[in-house]
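Asks: Quick one: the structure is below, questions incoming.
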Amino acid sequence: MTIVQLGIFALVAILIGQLKKSRELAILAASVFVLFWLQPSQQFVSLVFWIPAATIGLTIFTWLLVSTPESRVWEVNWPSILVIAVVVLLIDLNQFFGLETIYMTTTPRLWMIGTGFIVYISFLMAATRLADKLKFLLTAVFIGIIFLLVYLKTPFLISKSFELIYALRGQESPAEAHYIFSWLGFSYITFRLMHTVRDFQTGRLPALNLGEYVNYVIFFPSFTAGPIDRAERFVQELRTPIALADQDWLEAGKRFFLGMFKKFVIADSLALIAINEMLVNQVHSAAWMWFFLYMYSLRIYFDFSGYTDVAIGLARVMGVRLPENFASPYFKPNLTLFWNSWHMTLTQWFRAYLFNPMTRWMRTKNISIPLIIFATQICTMSLIGLWHGVSWNFLLWGIWHGVGLFIQNRWSEFVRVRTTSPLPPRRQLLLNAGGIFLTFNFVSLGWLFFTLPSPQIALLAMSKLFGIGL
Amino acid sequence: MSVEITSTLAKHIAEKIIKQPSRVITPDEPIISSGLIDSFSLMDLALYVEDTFGVRIDDTELNATSFDSLDQLASLIQSRKA
């Protein structure tokens with residue numbers, strides 16, 4: 001996102017924060033608009049419209065399945081339906097308005113979205129009748145979302161499907177092997193949808209009306225890069241009447257500007273001296289390699305946590321407190337604590353829906369504890385890696401951390417049972433400092449897999465860092 | 001009642017989870033955010049609570065936001081029992 005876009009976000013957020021009534025609808029209108037506005041260009045131009053439309057379609061469909069009959073009543077939901085329909089229509093009408101700076105002007109013809117709308121509404125009406133009877137629909141949606149995510153994250157599958165489309169059209173596919181197909185925000189939207197489906201199945205999801213649900217899934221400050229809130233928490237914030245004190249304004253402003261500074265000044269400057277493929281090939285000094293690696297570690301932190309600050313600040317002026325995503329992760333004395341403070345909302349999600357159920361299940365079987373810890377850590381961290389993209393690099397990054405967490409867990413256990421009394425403060429301080437140093441370096445080495453384009457280059461970088469092959 | 005629960009929990013954590021029987025865990029001490037109990041041991045604690053007090057703690061509740069001290073865990077248990 002650009003500074004100008006975030007500036008506009010801030011203005012819109014401030015205006016929404018002034019509303020005493022209809023705040024939920026205003027957030028909804030802004031979020032639906034932003035969903036279309038930020039969608040990047042695509043291989044096929046029409047997808048710039050249809051992808052965000054599909055996001056809304058999927059969100060509304062999922063809401064139908066996870067809502068109660070009482071929360072589905074027309075009287076409650078018609079304003080939200082109207083707002084969504086009007087915003088989508090206005091965006092489509094840009095073919096007549098011709099506002100190129102706001103959105104593309106080659107939006108689908110009116111008859112096309114009219115037909116799409118009628119087909120979709122018929123589908124929803126059928127689904128509403130069936131939803132309460134056919135419980136498997138929920139599981140089907142859950143699995144469908146996972147499949148879609150895997151597809152979107154796998155460049156090979158995208159290439160193959162585009163080649164197929166060109167072949168079906170009888171056209172020659174373009175020479176470039178990389179097709180442009182990106183579903184903006186889907187990685188995060190997936191987790192919100194899956195969380196609501198699972199919690200509905202276990203009876204833990206509160207009743208949400210359409211506006212609340214769509215707002216939760218595509219809330220504009222957080223839909224592209226998190227944090228991943230929990231529905232019950234988010235809705236509670238939304239339902240509380242807004243009452244911003246001076247202190248709230250001050251804190252929101254501080255978070256917003258701090259985030260902008262971290263992202264656009266610090267992170268963007270560090271990007272110039274952060275490790276990349278070219279540097280790995282050209283640098284012949286281990287010391288400089290460490291320097292460039294550390295710069296990358298700092299850059300990714302300032303970039304990501306900076307964006308989180310911006311999102312938290314924007315949400316705050318609209319009366320919504322988003323959860324924190326970072327808590328000084330590089331100052332943690334071990335890897336477990338690092339992962340408790342880095343991209344916290346993502347790790348909490350994985351803990352709740354993968355790690356804990358898997359551990360619970362394995363604990364009821366006769367499986368040795370170290371094996372359970374190994375399996376759950378490797379599995380969770382590999383999936384967190386693959387969530388960033390289905391590639392060897394992300395998988396290796398995940399395994400790197402999974403193995404690291406396992407070794408740290410076993411070591412802590414080994415030390416703990418042998419520690420009878422607390423250490424003297426000085427020794428504890430030294431131990432903590434050593435732990436912070438070790439953890440930071442372990443995490444930094446892991447970033448090599450994360451940022452460099454192939455495992456071979458990552459391994460070359462790693463060997464150069466230790467003075468081999470310079 | 002709450003004191004009974006917290007002392008039972010404190011004893012169990014010290015003896016069985018962190019395996020330092022002499023370690024005193026105060027009722028208001030953070031046990032998750034401090035790293036005293038890792039995510040694996042947290043599941044063990046949940047299973048113990050379920051067996052001992054007969055209340056279910058959901059997988060989604062095993063985090064520092066739901067409870068971070070024995071006092072908070074005891075209130076959660078009591079609210080479920082009620």
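The values are calculated or read from the model by the stated rules, or taken from the named source; none is laboratory data. What you are looking at is a predicted structure, and each value in this text was computed from that prediction instead of being measured. Please note: Cβ atoms are built from the backbone with ideal geometry, for glycine as well, and neighbour counts cover all protein chains shown.
Asks: May I ask you to say which residue of A:Ile275, A:Ile266 is β-branched (Val, Ile, Thr) and part of a loop (DSSP other than H, G, I, E, B)? First the steps, then the outcome.
Replies: Details: A:Ile266 fails: part of a loop (DSSP other than H, G, I, E, B).
Result of the check over A:Ile275, A:Ile266: A:Ile275.
Asks: Just checking, which of A:Thr115, A:Thr105 is surrounded by fewer than 13 Cβ atoms within 10 Å (Cβ to Cβ), assigned by TED's automatic domain parsing to the domain that holds A:Leu148 and assigned to a loop (DSSP other than H, G, I, E, B)?
Replies: Values: A:Thr115 fails: assigned to a loop (DSSP other than H, G, I, E, B).
On inspection, the qualifying residue turns out to be A:Thr105.
Asks: Let me ask something else about it. Output the number of residues of segment A:352-375 satisfying the condition of being under 23 Å from A:Phe442 (Cβ atoms) and in contact (Cβ under 8 Å) with a residue 24 or more places away in the chain.
Replies: The total comes to 5.
Asks: So, one more: Identify the residue in segment B:1-29 that is in a loop (DSSP other than H, G, I, E, B) and surrounded by fewer than 15 Cβ atoms within 10 Å (Cβ to Cβ) and, among all such residues, is farthest from the other protein chains (Cβ to nearest Cβ).
Replies: At the first step, the residues of segment B:1-29 found to be in a loop (DSSP other than H, G, I, E, B) are B:1, B:18-29.
Filter once more, so that each one left must be surrounded by fewer than 15 Cβ atoms within 10 Å (Cβ to Cβ): B:1, B:19, B:21-22, B:24, B:26, B:28-29.
Working: B:Met1: 26, B:Lys19: 5, B:Pro21: 10, B:Ser22: 7, B:Val24: 11, B:Thr26: 14, B:Asp28: 18, B:Glu29: 13 Å.
So the residue we want is B:Met1.
A quick yes/no check of all residues on (1) β-branched (Val, Ile, Thr); (2) under 19 Å from A:Thr380 (Cβ atoms); (3) touching an Asp or Glu at 6+ places or on another chain (Cβ under 8 Å):
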site	(1), (2), (3)
A:Arg418	no, no, no
A:Leu423	no, no, no
A:Ile436	yes, no, no
A:Pro453	no, no, yes
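Asks: With out of contact with any helix residue (DSSP H, G or I) (no Cβ under 6 Å at 6 or more places or on another chain) and crowded, with 19+ Cβ neighbours inside 10 Å as the only criterion, which of A:Ser391, A:Ser368 stands out? Before you say what the answer is, go through the steps one by one.
Replies: Numbers: A:Ser368 fails: crowded, with 19+ Cβ neighbours inside 10 Å.
Just a single option satisfies the conditions, and that option is A:Ser391.
Asks: Now for a different question. Condition test on A:Pro453, is it within 30 Å of A:Leu152 (Cβ to Cβ), of a type outside the set (Asp, Glu) and exposed (fewer than 14 other Cβ atoms within 10 Å of the Cβ)? So that I can check it myself, show each step before the final result.
Replies: Details: within 30 Å of A:Leu152 (Cβ to Cβ): yes; of a type outside the set (Asp, Glu): yes; exposed (fewer than 14 other Cβ atoms within 10 Å of the Cβ): yes.
Taking the combined requirement at face value, the residue satisfies it.
Asks: Here is a follow-up. What do you reckon, is A:Leu137 surrounded by fewer than 18 Cβ atoms within 10 Å (Cβ to Cβ) and within 30 Å of B:Asp59 (Cα to Cα)?
Replies: Working: surrounded by fewer than 18 Cβ atoms within 10 Å (Cβ to Cβ): yes; within 30 Å of B:Asp59 (Cα to Cα): yes.
It is true that A:Leu137 is surrounded by fewer than 18 Cβ atoms within 10 Å (Cβ to Cβ) and within 30 Å of B:Asp59 (Cα to Cα).
Asks: Looking only at segment B:42-79, filter to residues that are assigned to a helix (DSSP H, G or I) and within 20 Å of A:Arg233 (Cα to Cα); which one of those is farthest from the other protein chains (Cβ to nearest Cβ)? Reasoning before the result, please.
Replies: Restricting attention to segment B:42-79, the residues satisfying the condition of being assigned to a helix (DSSP H, G or I) are B:42-53, B:59-61, B:70-79.
So of that shortlist, the ones also within 20 Å of A:Arg233 (Cα to Cα) come out as B:59-61, B:72-73, B:75-76, B:79.
Working: B:Asp59: 4, B:Thr60: 4, B:Glu61: 8, B:Gln72: 17, B:Leu73: 16, B:Ser75: 18, B:Leu76: 14, B:Ser79: 15 Å.
The extreme case among them is B:Ser75.
Asks: Only one residue in A:Phe442, A:Phe414 is modelled with pLDDT of 95 or more and either within 14 Å of chain B (Cβ to nearest Cβ) or in contact with a helix residue (DSSP H, G or I) (Cβ under 6 Å, 6 or more places away or on another chain) (or both). Which one?
Replies: On the way: A:Phe414 fails: modelled with pLDDT of 95 or more.
Among A:Phe442, A:Phe414, only A:Phe442 is modelled with pLDDT of 95 or more and either within 14 Å of chain B (Cβ to nearest Cβ) or in contact with a helix residue (DSSP H, G or I) (Cβ under 6 Å, 6 or more places away or on another chain) (or both).
Asks: B:Leu36 passes all but one of (1) over 17 Å from A:Val417 (Cα atoms); (2) surrounded by fewer than 20 Cβ atoms within 10 Å (Cβ to Cβ); (3) not aromatic (Phe, Trp, Tyr); which number fails?
Replies: Of (1) over 17 Å from A:Val417 (Cα atoms); (2) surrounded by fewer than 20 Cβ atoms within 10 Å (Cβ to Cβ); (3) not aromatic (Phe, Trp, Tyr), only one is false for B:Leu36: (1).
Asks: Now for a different question. Which residues, taken from segment A:272-287, are over 19 Å from A:Gln456 (Cβ atoms) and surrounded by fewer than 15 Cβ atoms within 10 Å (Cβ to Cβ)?
Replies: Passing the criteria: A:Leu272, A:Ser285, A:Ala287.
Asks: Out of segment A:20-37, which residues are out of contact with any Gly (no Cβ under 8 Å at 6 or more places or on another chain) and surrounded by fewer than 22 Cβ atoms within 10 Å (Cβ to Cβ)?
Replies: Narrowing segment A:20-37 to residues out of contact with any Gly (no Cβ under 8 Å at 6 or more places or on another chain): A:20-22, A:26-27, A:29-34, A:36-37.
Correct list: A:Lys20, A:Lys21, A:Ser22, A:Ala26, A:Ala29, A:Phe33, A:Trp37.
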